[in-house]
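Peer 1: Encoded as structure tokens, here's the structure I'll be asking about.
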């Protein structure tokens, strides 16, 4: 059983703050480190693995400082996101070299087990330069597992894997978590994290935005205010109806000359009367607004032409968590 603790950890590169005052605890089981690209996930993982020093704060494993602690390195396996590898050696040579660097008693047996675990024995004799991205991911995984560490840190491990490889890796990580290992993997895909992570840590713009189980994180995202762009055949009447609904916290009627472009022609063919406006609506109650909008349109004899979520990118969703 191993526990990583980050206490007020920051890391900056010149004037750029990559990680800002992060405190979190990563214990046994599978934890997903979730956030959009550029959120600081890779920097955080490298500090957890002892490959990067914090500019301030501390990272410890079971009470011992990770940075420049050779004994700790033997307890951590790291799978970096970068593909930079020794392409002129075979997969077998690469994994075996890592086993020898760890001074294992039986490096050949350890390398063989690691390659079998990631299902790379058939290709172990080929040069790494001939591997696909998914194969390189798996051989990196083998090097991280070769010394059988209690802590496994994986940075975007599913990148480049086909569906079968992804499923196999997910099952393997779940099994390791069930064994009591401390497994952390980063991802920018919520559904990917949902499938295997027992707990989730959310990073946005270098900050620790949220922490909890999948249901808690999903609830925070769903219950945040949602913005919609709505176009109809009578936007003014629809705005008046929406503003009276408690599920909507704001309605703005805006001119749409600059945004309609090719759409205006399609709308004209449907008989739309009000072609110069659109509604920007902020829904405080996502489920309630989605349910009531078609009812309002039917009650007031209004035809809906477009209902488009205006803020569904991962960046906007995660940024809401930071601002809460």
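No lab work stands behind these numbers, since they all come straight from the coordinates. Worth saying up front: this structure is predicted, and the values here are computed from it rather than measured. With ideal geometry, Cβ positions are generated from the backbone for all residues, glycine too; neighbour counts draw on all protein chains shown.
Peer 1: Which one of 193, 202, 307 has the biggest mean-square fluctuation once the chain is modelled by GNM with Cα springs under 10 Å?
Peer 2: Answer for the Gaussian network model of the chain: 307.
Peer 1: With the chain treated as a Gaussian network of Cα nodes joined by springs under 10 Å, which of 195, 227, 252 yields the largest mean-square fluctuation?
Peer 2: Among 195, 227, 252, the largest mean-square fluctuation in the Gaussian network model of the chain belongs to 252.
Peer 1: Output the 0 to 90 degree angle, nearest 10, between the alpha-carbon long axis of helix 107-117 and the longest principal axis computed from the alpha carbons of the chain.
Peer 2: Once rounded, the angle reads 30 degrees.
Peer 1: For region 107-156, max minus min Cα coordinate along each principal axis, in Å, sorted largest first?
Peer 2: Over region 107-156, Cα extents along the principal axes are 31, 28, 14 Å.
Peer 1: Label points 7 Å out from Cα along the Cβ direction at residue 240 and residue 68: separation in nm?
Peer 2: About 7.3 nm, to one decimal.
Peer 1: Would you mind putting 69-75, 204-210, 298-304 in packing order, based on average other-beta-carbon counts within 10 Å, highest first?
Peer 2: 204-210, 69-75, 298-304
Peer 1: In region 75-96, whose amide N lies under 19 Å from the spot 7 Å out along Cα-to-Cβ of residue 130? List them in ranges.
Peer 2: 85-96
Peer 1: For region 9-57 and region 141-202, what is the separation of their Cα centres, given in Å?
Peer 2: Cα centroid of region 9-57 versus Cα centroid of region 141-202: 17 Å apart.
Peer 1: Send over the per residue convex hull volume for the chain, Cα only, as a whole number of Å³.
Peer 2: Taking only Cα atoms, the chain has a hull volume of 176 Å³ per residue.
Peer 1: Right, here's the next one. To the nearest 10 degrees, how steep is helix 314-323 against the longest Cα principal axis of the chain, on a 0 to 90 scale?
Peer 2: For helix 314-323, the angle is close to 90 degrees.
Peer 1: Taking the chain as a Gaussian network, Cα atoms linked when under 10 Å apart, which of 32, 213, 91 shows the biggest mean-square fluctuation?
Peer 2: Of the options given, 213 has the highest mean-square fluctuation.
Peer 1: Calculated from DSSP H runs of 4 or more alone, at -39500 (n - 2.57) each and per residue, what is the 222 nm mean residue ellipticity of the chain, nearest 500?
Peer 2: Result for the chain: -11000 deg cm²/dmol, rounded to the nearest 500.
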